[in-house]
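Derivation of every value follows stated rules applied to the coordinates shown; laboratory data play no part. From a predicted model like this one, the values you see are computed outputs, not experimental measurements. Cβ sites come from the backbone with ideal geometry, for glycine too, and all protein chains shown count toward neighbours.
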Amino acid sequence: MSNPPLKGVRILDLTSVIMGPYATQMLAEYGADVIKLEPPEGDIMRGMGPHRETGMGPVFLNLNRGKRSLCLDLKSPQAAGVIQKAVASSDVFITNMRRKALEKLSLDWDTLRSHNSKLIYVFLSGFGEQGPDAGRPAYDDLIQGMVGLPDLVSRANGGTPQYLPLNLADKTMGLFATQTVLAALMQQRTQGGSGQYIEVPMLETMASFVLSDHLGASTFEPPLGPPGNPRLLSPYRRPYRTLDGWLSSIVYTDRHWEAFLRLVGEGDLWENDARFRTMTSRTQSIDEVYAFVDRHMATRTTDAWIKALNAADIPAARAMGIDELVREMERPERAVMHRYQDADGNWYRGLRPTVRWSASPPQAGRIAPRLGEHSDEILQELGLHG
């Protein structure tokens, strides 16, 4: 990009694992200069394999493209001078290090703003600073459990509570962190003023994220019923089994239901069975109406249903496995997956930004940095000469 949205913005990134790196990679894709500050042992995710090169595992590669790595022992006598120079030249400092460790290393808000009064300091915490769990470490599995996601899975499928098989809390929080940084930069550039301290707490933010769906009848005072979204908790809200596979489809609006009932030869139910007529009545009988769809889906092949449902303007698609998803995203018209090389000629698969801009589209950065790859370069820029 010749003129990316965040051109000229420098972000000092003291994050590790998933949440913070996911956020700062998106900021790098928008053109920010992201300096990844790493200890001598590196980000722990460097070690999660499989590996072709030590310290360059797939999760690390997919969360740290487009950044520069500055390797620094924060406990060393030289660290304070480097941090002071780096903070003075940065717009944003973002970290998920625990507060006590930050204070011990003089990386707290009060210290860093003394080096740069316009610094935006973003603290990614596990729990709110004032709550009973303040200061405790947090990981995706822990937060998923605390905000009820395994319970929701159990209630929906009648089985054992399970975590969702992706880092949903970390990735969602990365999105919150990204939009927080963008909003803070926008405010500073349009309204002026000094920097500020911003905390993004995982537990409280994810709880709000979950409850926006599942506060349900307890939204009202007094409550009209227990929390929970009946449609989302129905055991029939899942891919439907067809004659030869699995189908993702949602019969949702009034128009969808009228069309579906006619499609399966039971159009009279639209006029005669109140369960199908409105969103309210369908929600009240959600298991019954979803079971009705489930029975009919088992009577045709996946391709036959896709053709018929799409013709009726009812959303439907093949439920894909992960291997199929990789192949699908490699199709040129999708343009999500692409192949790229490192300086040694090794090939990788990568993920492009998916939001499409007409004039200044985000770009997938170069390969994730090797540990300390840019230390000398950055130190020279700071006038410290590596």
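A few remarks follow.
- Segment E41-T219, length gained on full extension (0.36 nm per residue, minus Cα span): 59.3 nm
- Note on the chain: Kirkwood hydrodynamic radius from all Cα pairs is 24.0 Å, rounded to one decimal.
- Pairwise label distance in nanometres, S76 with T283, each label 7 Å out on the Cα-Cβ vector: 5.9
- The chain, relative contact order in percent, only Cα pairs under 8 angstrom and at least six apart counted: 19
- Diffusion coefficient of segment 129-206 by Stokes-Einstein, Kirkwood radius over Cα pairs, 25 °C, 0.890 mPa s: 168 µm²/s.
- Crossing angle, helix 168-191 versus the chain [Cα axis fit, 0-90 degrees, rounded to tens]: 60
- Semi-axes of the equivalent ellipsoid for segment 240-318, Cα gyration tensor, largest first, Å: 21, 13, 11
- Entry note, segment 240-318: relative contact order of 46 percent, from Cα contacts under 8 Å with a spacing of 6+ residues.
- Antiparallel %, DSSP beta bridges [both residues in the chain], to 5: 30
- Nearest 10 degrees, 0 to 90: helix 302-311 Cα axis against the chain principal axis: 90
- Projected-area average for segment 174-274 over all orientations - Cα convex hull basis, square nanometres: 12.5
- Helix axis angle, 19-29 relative to the chain longest principal axis, alpha carbon, degrees: 80
- Calculated FRET value between D303 and R155, using beta carbons and R₀ = 25 Å, to 0.05: 0.15
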